[in-house]
Amino acid sequence: MSERPIHALDETIAQNQSAAATLGAFILLIVVSLALAAALSPLIQQGIAPLRVFPLHRVFNRLAMLAFLGGTWWMFRRRGLANREALGYAATPRRFWGGLAVGFAVGVVLMLGACVLLMALDVRVIRPEFAASFSTIARAVPSALLAGFAVGFIEETFFRGAMFSALARQGRWVSAVLLTAVLYSLVHFVGEKVRIAPEEVTWLSGWTILGRYFSAFGDPSRIFDAALALFCVGVLLALVRRATGHIGGCIGLHAGFVAVIALFRELTAPVFDARWSFLVSRFDGLVGYLVVALAVLCSAAYFVLRSEELRGGAAAR
């Protein structure tokens, strides 16, 4: 046996190990942030009580977010990811904002089509308070758009920006696509509102909240279809990142998806005993196997149409 195949195998193993180590570092950062929030949230709540008493779960979530953001920035700087190229913003303004606009339009059309189909199949029905009030529906649009773009910018900068860059540097781009999609899917199921009355808070209460933070994973059957749908969407977004070389299109797609979902969650209610209700997850009554099919079809079409850019990568110009 020649040394070349052995060397290639060793290199592949080393790349996969490096990618796993990078993913492990991100997961460790999440764990440390949650542990800090669990330890400090009761103290912080008591410290600010003279000004205002906030629910402990809200203090916990804000502390975890701040710790994670601080740790993320530190990690980005150490790994050379605190720059426009690594974060996915190195494209020219025309390419970036053009990709964002196209992505948003496509995201709205795709998710709107899925939601309308669910309504046609009686899987989602208009809530009575919105049934005969166009003005009420119109007033819900701005908040849905704001939610869409806020989530799109924040999550895409992290997942398809820095995290994708870190994993793609350490391993193959396919590994970066799959690993970012896995983590992107899983983080949507952490967190649960555990309400503890202020007078009942002890120094262990933060750990009580943390103990329930991953409770959704205790019943995998309840979240499997939603998790699979989010994984497939994550793959589609990562393919766009790979082919375009920036996250403009990813932000647009993500914002379009979230805006429509946020709007339909407010305006409609799920019907879980309908004939076609298996198309949506019981976790949220909207994302499920229909979204899986949509994301898989879109990813396959995108892979065929942009195969050259996906194989070679696209430098942000």
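Structure summary
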{"item": "Residue among Leu179, Leu121, Leu186, Leu110 that alone is more than 18 Å from the chain's Cα centre (by Cα), surrounded by 15 or more Cβ atoms within 10 Å (Cβ to Cβ) and under 27 Å from Tyr289 (Cβ atoms)", "result": "Leu121"}
{"item": "Members of the stretch 93-125 found to be β-branched (Val, Ile, Thr) and part of a helix (DSSP H, G or I), listed by number", "result": "Val102, Val106, Val108, Val109, Val116"}
{"item": "Check on Thr157, at pLDDT 90 or above, touching a Leu at 6+ places or on another chain (Cβ under 9 Å) and of a type in the set (Ser, Thr, Tyr)", "result": "yes"}
{"item": "The stretch 136-150, subset among the aliphatic types (A, V, I, L, M) and without any contact (Cβ under 8 Å) to a residue 40 or more places away in the chain, residue nearest to Gly252 (Cα to Cα)", "result": "Ala150"}
{"item": "Filter result (touching a helix residue (DSSP H, G or I) at 6+ places or on another chain (Cβ under 8 Å) and of a type in the set (D, E, K, R)) within the stretch 134-165", "result": "Glu155, Glu156, Arg160"}
{"item": "Among the candidates Ala90, Ala86, Ala35, residue that is in contact (Cβ under 8 Å) with a residue 40 or more places away in the chain and either surrounded by fewer than 15 Cβ atoms within 10 Å (Cβ to Cβ) or in a loop (DSSP other than H, G, I, E, B) (or both)", "result": "Ala90"}
{"item": "Flag if Ala166 is aliphatic (A, V, I, L, M) and within 30 Å of Arg195 (Cα to Cα)", "result": "no"}
{"item": "Residue match in the stretch 192-206 (condition: surrounded by fewer than 18 Cβ atoms within 10 Å (Cβ to Cβ), closer than 23 Å to Ser33 by Cβ and hydroxyl-bearing (Ser, Thr, Tyr))", "result": "yes"}
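The values are calculated or read from the model by the stated rules, or taken from the named source; none is laboratory data. Just so it is clear, the model here is predicted, and its values are computed rather than measured. Counting neighbours? That spans all protein chains shown, and the Cβs are built from the backbone with ideal geometry, glycine included.
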